[in-house]
Amino acid sequence: MSLRGYLRQYKNHLRPLINSYRRPEGEVYAADKYWEDLWSSADNHTDAESTGISDTQLQYYYRLMEAKILEHLIVQDYDIKGRPVLDIGSGGGQWIQFWNWMESSPVTGIEISESAVQGLKSSFRDDNDIHIREGDIVTADLSESNFGIISAIEVVQHIVDDQRWEKAVANICYTLQSGGIGFVSGWFGKLNHDLWYTPDTPDIDFHTSFSLNRDKAAKRTRSRKQWKQTLEKHGCKIEVIHRIDAAASIFTPPPRLLVFKKSE
């Protein structure tokens, strides 16, 4: 194996394990404050959503993710027209627009930032089939078996506390209809993996997340095994994990799409 191969193995397998053991318990960033500060100070929605990457890269990532979702729906012959959708961490409304374009109805977006919620309500004020809620998926009061589709793209890994993360997964499965499907982005590797940030910097620096001066976790990506066990515990099951194939020279957010289904 080449030197580059060994270095890649070290980065992909050993470093996440070291980071996971290094992470001080309880030292996590305040998600609600972070996202509210970001959205309230952003010039526009894409500025807030594309932290660390350009708007062009972000739109490239969206198109790749949309194509993979559509591919899955077509292959599985899953008709989403008229199905109620819940989008978690709606931000600037990208996935609300996507599901609305696909004629899913109604589409509900839940977002933790008050400023983002105000922007979403303004953007979709003329569409009676779109509903915006301010809240945290961990603590949200959701009705049982209410949605046929749930999406959480570039969201759930920001819940770094493991108990809160499991509560979020439990809520998602609880409010998903029997036979309904969910889409979650992430890495889903063999190990849990912490990404770090420095609270003194204005943005989370994902590009240098392996640096030793990171003192708090901004993201915690769970392993494929942990996702499998937690979903099954709450009545859902992984159908497939799709790889999102971006050009090697283009940095994008989480490169995989996990699709799960609630037992019928």
Kindly rank 152-163, 242-253, 134-145 from highest to lowest mean number of other beta carbons found within 10 Å of each residue. 152-163, 134-145, 242-253
Order of Ile181, Ile74 - criterion: other Cβ atoms within 10 Å of each residue's Cβ, fewest first: Ile74, Ile181
For 124-130, 219-225, ranked highest to lowest by mean beta-carbon neighbours within 10 Å, the order is 219-225, 124-130
Rounded to the nearest 0.05, what FRET efficiency do Gln76 and Gln118 give with R0 = 30 Å and r taken as the Cβ-Cβ distance? Could you check? 0.25
How far, in nm, would the chain grow between Tyr174 and Asp127 when pulled straight, counting 0.36 nm per residue and subtracting the alpha carbon separation? 14.2 nm
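Could you tell me the calculated FRET efficiency between Glu144 and Arg243, based on Cβ-Cβ distance and R0 = 35 angstrom, to the nearest 0.05?
Details: r = 33 Å, r/R0 = 0.94.
E between Glu144 and Arg243, to the nearest 0.05, is 0.60.
The numbers here are math on the coordinates, done by the rules we state, and not lab data. Because the structure is predicted, anything quoted here is derived from the model rather than measured. Using ideal geometry, Cβ is built from the backbone for each residue, glycine included, and neighbour counts are taken over all protein chains shown.
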